[in-house]
1. Just for the range 189-221: of the residues that are open to solvent by less than 10 Å² (accessible area, probe 1.4 Å) and assigned to a strand (DSSP E or B), which one is farthest from residue 132 (Cα to Cα)?
2. Among the residues of the range 230-253, is there at least one that is touching a helix residue (DSSP H, G or I) at 6+ places or on another chain (Cβ under 9 Å) and closer than 30 Å to residue 107 by Cα?
3. I want to confirm something. Restricting to the range 160-171 and keeping residues that are open to solvent by less than 40 Å² (accessible area, probe 1.4 Å) and not aliphatic (A, V, I, L, M), which single residue is farthest from residue 143 (Cα to Cα)?
4. Looking for whichever is part of a strand (DSSP E or B) and free of Cβ contacts under 8 Å to residues at least 60 places away in the same chain here; the options are 140, 108, 86. Which one fits?
5. Is it true that residue 147 is in a loop (DSSP other than H, G, I, E, B) and either farther than 17 Å from residue 241 by Cβ or more than 12 Å from the chain's Cα centre (by Cα) (or both)?
6. Find the residue count for the range 89-101, including only residues that are closer than 23 Å to residue 263 by Cα, open to solvent by less than 20 Å² (accessible area, probe 1.4 Å) and part of a loop (DSSP other than H, G, I, E, B).
7. Can you pull out every residue in the range 228-237 that is under 16 Å from residue 181 (Cβ atoms), open to solvent by 30 Å² or more (accessible area, probe 1.4 Å) and out of contact with any Ser or Thr (no Cβ under 6 Å at 6 or more places or on another chain)?
8. Can you report the number of residues in the range 42-77 which are open to solvent by less than 40 Å² (accessible area, probe 1.4 Å), in a loop (DSSP other than H, G, I, E, B) and in contact with a Lys or Arg (Cβ under 7 Å, 6 or more places away or on another chain)?
Amino acid sequence: MTHSASGDIVFRRGIIGAALLAMLVAVLAVGWQRVSGASPATPPLNIADYRLTFAEEFDSLDLSAWGPGTRWIAHTPWKGDFGDARFLDPGPNGPAQASGGVLSITMRRGADGKWGSGLLASVDPAGKGFTQSGGYFEMRAQFPEGAGVWPAFWLASLGAPGDLKPEVDAVEYYGQDNKNYYVNLHLWQNGKDLYQRSARVAITPGMATSGFHLYGVSVAGDFVTFYLDRQQVAQIASRPEFMQPMMMLANLAAGGGWPIGGIPDPSTMQIDYIRAYQPNSAG
């Protein structure tokens with residue numbers, strides 16, 4: 001699966017392929033780490049060491065199709081859908097609805113037989129919106145069940161044509177496997193993935209779909225560190241490019257290289273909040 005895009009901005013999200021074998025070959029070639037879930041030997045992240053820089057509690061929803069002037073837009077700012085569901089515009093019957101402090105992103109099959117779903121991005125096509133260089137990013141969410149669902153929380157840089165653009169996937173969950181999720185780093189240039197590092201995080205079967213959990217990532221100059229419920233679960237060496245200002249994105253997609261015949265109609269991802277922080281020691 002490859003995102004279509006305007007210009008040279010083409011992101012290919014996570015561990016992908018038309019079949020399991022292709023996925024394994026691609027990931028092993030760049031270094032696939034098998035990591036466990038929360039490790040009691042590693043102290044949990046202490047959020048008191050950070051200051052809040054962005055808080056979306058979803059008491060309401062400031063969302064438009066493309067901006068300008070809204071906190072979120074409903075498409076990737078490089079205008080590329082991905083997976084087997086179209087990301088739809090917001091509206092009274094749109095896929096993204098906030099109620100009681102929780103955002104629901106619902107994927108449904110339309111009258112034309114095609115799947116439609118939702119995405120949030122914190123930057124519009126003009127580059128206006130929230131970005132942050134380094135720090136800690138976190139989403140509290142519950143994922144839907146069903147083979148073929150593909151929810152995610154991730155960071156990306158819009159950049160300029162020809163730039164080396166980072167992508168950090170804090171969580172990619174593939175519904176056909178309820179015992180794992182995936183974290184990834186990418187560097188993109190002119191549509192080519194020049195640097196990919198991935199880790200598979202083992203979880204209790206069904207954990208991600210049976211309740212809300214915290215999916216977080218800390219981006220620093222030395223390491224990118226991934227957290228589940230603020231417990232470190234993976235760490236991958238960083239590079240200077242990952243300190244570029246990055247936007248936040250959250251979505252419920254379909255497929256990701258896997259069959260979508262098992263997707264329940266409808267399927268809903270729930271997000272309690274999305275937040276960003278900087279270390280107290282940062283200037």
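The values are calculated or read from the model by the stated rules, or taken from the named source; none is laboratory data. Since the model is a prediction, treat every value here as computed from it, not as a measurement. Virtual Cβ from ideal backbone geometry, glycine too; neighbours counted across all protein chains shown. Protein only, heavy atoms only, side chains kept; ligands, DNA and RNA dropped before computing areas. Shrake-Rupley method; radii C 1.70, N 1.55, O 1.52, S 1.80 Å.
1. Going through the qualifying residues, I end up with 201.
2. Among the residues of the range 230-253, at least one is touching a helix residue (DSSP H, G or I) at 6+ places or on another chain (Cβ under 9 Å) and closer than 30 Å to residue 107 by Cα, which makes the answer yes.
3. Ranking the qualifying residues of the range 160-171, first place goes to 162.
4. 86
5. yes
6. Number of matching residues: 2.
7. Those that are under 16 Å from residue 181 (Cβ atoms), open to solvent by 30 Å² or more (accessible area, probe 1.4 Å) and out of contact with any Ser or Thr (no Cβ under 6 Å at 6 or more places or on another chain): 229, 230.
8. Adding up the residues that qualify gives 2.
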